[in-house]
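S.K.: Can you keep this structure in mind? I'll have questions shortly.
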Ligand SMILES: [Zn+2]
């Protein structure tokens, strides 16, 4: 017991000052970039989210289909990807349990950013296209969300769209910069059709991955290393106290 205590104490006292691990979860290398992205596919199981007005397609299934394409695109670009779910089921027995488990994954230590994939719906059926939300007041989250919406609008040949501030669980909980991507509106017939098309899904997925990478690469590398180190230390401190 004494040994455990003194070990904990020495990690607490010296862990953050040491220039080498345990503070850094892994070493960043210049080529290829080893960024760590947490991907969340919204809903799942009996919680299917929005439903397509024309075809009855479930948001939860589209989130998974497009999300898996985003995961592959990020991995192709040298990222390590952690997913909140990999199948059609929810990850908890109840909504509350599901959110708790999702929240824990979204707070994964060492993550560089988190991306939550959803589909939108709105009473006005003419409203269409992607939207990106960041946690209101989160500067880095805003920068990430703007990079992603810029990449999406460019891929779709639309004019620039601003990222939107919001207050959502998936952008509020994580320590890392976070974005909630609404890929399109299941209340709009054109979006609903496009979102089920494999080529369109791939176009969106590549754009989301490009936007995420544009954000990550825009971070000054030395600041980035320092922030990662500090956030690892902060989490360690939280666990010890
Ligand atoms: Zn949703």
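S.K.: On the basis of being in contact with a strand residue (DSSP E or B) (Cβ under 9 Å, 6 or more places away or on another chain) and in contact (Cβ under 8 Å) with a residue 60 or more places away in the chain, does residue 73 make the cut? Can you show your working first?
M.R.: Values: in contact with a strand residue (DSSP E or B) (Cβ under 9 Å, 6 or more places away or on another chain): no; in contact (Cβ under 8 Å) with a residue 60 or more places away in the chain: yes.
So residue 73 fails the test.
S.K.: What tally of residues in region 162-177 results from selecting those that are in contact with a helix residue (DSSP H, G or I) (Cβ under 8 Å, 6 or more places away or on another chain) and under 22 Å from residue 40 (Cβ atoms)? Walk me through how you get there before you give the answer.
M.R.: Keep residues of region 162-177 that are in contact with a helix residue (DSSP H, G or I) (Cβ under 8 Å, 6 or more places away or on another chain), which gives 162-165, 169-171, 173-177.
Now drop any that are not under 22 Å from residue 40 (Cβ atoms), which leaves 163-165, 169-171, 173-177.
Selection size over region 162-177: 11.
S.K.: Still on this structure, I have one more. Would you call residue 181 in a helix (DSSP H, G or I), buried (at least 24 other Cβ atoms within 10 Å of the Cβ) and either free of Cβ contacts under 8 Å to residues at least 12 places away in the same chain or touching a strand residue (DSSP E or B) at 6+ places or on another chain (Cβ under 7 Å) (or both)?
M.R.: Working: in a helix (DSSP H, G or I): no; buried (at least 24 other Cβ atoms within 10 Å of the Cβ): yes; either free of Cβ contacts under 8 Å to residues at least 12 places away in the same chain or touching a strand residue (DSSP E or B) at 6+ places or on another chain (Cβ under 7 Å) (or both): yes.
No.
We did not get these values from a lab; they are worked out from the coordinates using the rules stated. No experiment lies behind these values; they were computed from the predicted model shown. Positions of Cβ are generated from backbone atoms using ideal geometry, with glycine treated the same way; all protein chains shown enter the neighbour counts.
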